[in-house]
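A short write-up of the structure that comes next.
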Amino acid sequence: MSEQQIPKRIRERLELKLPIRVRCREAVGVEWTEITRLIDVTPFGAGFTLKRPIEKGRLLHMTIPMPRQLRVFDHVEDQYRVWALVRYVKPAAAPGNNIPLFEVGVAFIGKHPPRSYEENPARR
């Protein structure tokens, strides 16, 4: 890291290759689910890859077998179910195949989605 660069993160991301379920509702009646793996995680966000493109600002519902010490809530549950906001998306190199991958970074926003999400899931 150069002297001019200042770290943006409060806590360093931990490299954890845990399986996750990502659910996205792009519009009323348009929903998809994908199983993938974490690349890294903090109590406040995570990085992973998806096989489909997604827009910055989209809300995702994630289910993660996350270590309890990294959770902000639901410490006694087996799975951590958390809503997240897509903060960045970039194409990623797919190792050994022609399936396109997208590297995604999300910020966790809590146990429940914003009220506006139920009214209009397409809104970003």
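The single condition from (1) under 21 Å from Pro19 (Cβ atoms); (2) at pLDDT below 90; (3) surrounded by 12 or more Cβ atoms within 10 Å (Cβ to Cβ) that Gly47 fails is (2). For region 65-101, filtered to residues that are modelled with pLDDT of 95 or more and in contact with a His (Cβ under 9 Å, 6 or more places away or on another chain), the residue that is surrounded by the fewest Cβ atoms within 10 Å (Cβ to Cβ) is Arg81.
Selection of region 1-24 for residues being at pLDDT 90 or above and open to solvent by less than 80 Å² (accessible area, probe 1.4 Å) yields Leu18, Pro19, Ile20, Val22, Arg23, Cys24.
So which residues in region 109-124 are part of a strand (DSSP E or B) and open to solvent by less than 30 Å² (accessible area, probe 1.4 Å), if there are any at all?
Taking region 109-124 first, the residues part of a strand (DSSP E or B) are 109-110.
Once the filter is applied, which keeps residues that are part of a strand (DSSP E or B) and open to solvent by less than 30 Å² (accessible area, probe 1.4 Å), region 109-124 yields only Gly110.
The values are calculated or read from the model by the stated rules, or taken from the named source; none is laboratory data. Values in this document were obtained by computation on a predicted structure and should not be read as measured data. Cβ atoms come from the backbone with ideal geometry, glycine included; neighbour counts cover every protein chain shown. Only protein heavy atoms, including side chains, enter the accessible area calculation; ligands, DNA and RNA are left aside. Shrake-Rupley method; radii C 1.70, N 1.55, O 1.52, S 1.80 Å.
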